[in-house]
Amino acid sequence: MSQREYHIVVLGSGGVGKSCLTAQFVQNVWIESYDPTIEDSYRKTIEVEGRQVVLEILDTAGTEQFTAMRELYMKTGQGFLLVFSITSMTSLHELAELRDQIIRIKDDMKVPIVLVGNKSDLEEDRAVSRARAFAVSQSWGSCPYYETSARRRANVDEVFKDLCRQMIKRDQALRD
Ligand code: GDP
Ligand code: MG
């Protein structure tokens, strides 16, 4: 079966755990402290539905000086992980604007997106209920919602696999 390559963009407020999630997925390591200004891309090959898929993952840092740069990676991206921290309601609210921007730039209501509530190990500091986040995901055209812990490597692979399956489907729908 043919090998496919997909571009994933990891977006969300500073400090929600984008870099830690990416590092856990790509390298299986927990990095306690990651330079918040580093924006880099990583490659990883995974198997989804019996097919080899090469993922090019851009871990954004929100440091882009021109919105044109953000527009460019939103154009290139085929799947988006919108990450907030379950310990911060603001970090969830800030995703709405990013989602609007993605849909506008891609000009596609059905662009593959997964909503990710990270830091699920910090249950005692939870500020966003599961129900609240789920309601947001439902209002986004039934986008999947996962809670992850980059620290414990909980649900990390699941999030990327779900996005992958969505990208494969969308790709096929657009080819037909
Ligand atoms: P980014 O700015 O979104 O890339 O956030 P980072 O990945 O750099 O993480 C920001 C801070 O949150 C760091 O101090 C991490 O150690 C911490 N962090 C990230 N993910 C988790 C997690 O799942 N659980 C806990 N407890 N802390 C996390
Ligand atoms: Mg980072």
Sorted largest first, the C-alpha extents of segment 22-86 along its principal axes in whole angstrom are 40, 31, 23
Please state the charge dipole magnitude for segment 25-176, taken about the Cα centre, from unit charges on C-beta atoms (+1 on K and R, -1 on D and E), reported in debye and rounded to the nearest 20.
-> 480 debye
Among 143-154, 22-33, 39-50, 68-79, how do they line up from the highest to the lowest mean number of other beta-carbon atoms within 10 Å?
-> 143-154, 68-79, 22-33, 39-50
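Okay, helix-only estimate at 222 nm for the chain: each DSSP H run of n ≥ 4 adds -39500 (n - 2.57), divide by all residues, round to 500 deg cm²/dmol; what do you get? Walk me through the numbers on the way to the answer.
Numbers: 5 runs with 68 residues, N = 176.
The helix-only estimate for the chain comes to -12500 deg cm²/dmol at 222 nm.
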Distance histogram for the chain (every C-alpha pair counted, 5 angstrom bins, percent rounded to whole numbers) = 1, 8, 18, 23, 22, 16, 8, 2, 0, 0
Centroid-to-centroid separation of segment 71-144 and segment 1-43 [C-alpha atoms, Å] = 16 Å
For segment 40-55, in residue order, the Karplus 3J(HN,Hα) values (coefficients 6.51, -1.76, 1.60; θ = phi - 60°; whole Hz; Gly and Pro = x) are 8, 10, 10, 10, 8, 9, 10, 10, 10, 6, x, 10, 6, 10, 9, 9
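Please give the contour-minus-distance gain from D40 to R130: 0.36 nm per residue of separation, less the Cα-Cα distance, rounded to one decimal in nm. Let's see the in-between values first.
Details: separation 90, 0.36 × 90 = 32.40 nm, distance 3.02 nm.
The D40-R130 span can extend by a further 29.4 nm.
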Options V159, Q138, F25, ranked by Cα towards positive dipole end of the chain, top entry (Cβ charges) | Q138
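Roughly speaking, what is the stretch gain from R165 to V54, that is 0.36 nm per residue apart minus the C-alpha to C-alpha distance, in nm to one decimal?
Details: separation 111, 0.36 × 111 = 39.96 nm, distance 1.26 nm.
Full-extension gain reported as 38.7 nm.
Taking the Cβ of each residue in V159, V128 as the centre, tally the other Cβ atoms inside 10 Å and list the residues starting with the fewest.
On the way: V159 23, V128 20.
With the fewest neighbours first, V159, V128 line up as V128, V159.
Taking the beta-carbon count within 10 Å as an exposure proxy, list D121, D176 from fewest neighbours to most. Walk me through the intermediate numbers first.
Details: D121 15, D176 5.
The most exposed by this proxy come first: D176, D121.
No lab work stands behind these numbers, since they all come straight from the coordinates. Just so you know, these numbers come straight off a predicted model, no measurement behind them. For neighbour counting, all protein chains shown are included, and Cβ atoms are generated from backbone atoms with ideal geometry for every residue, glycine included.
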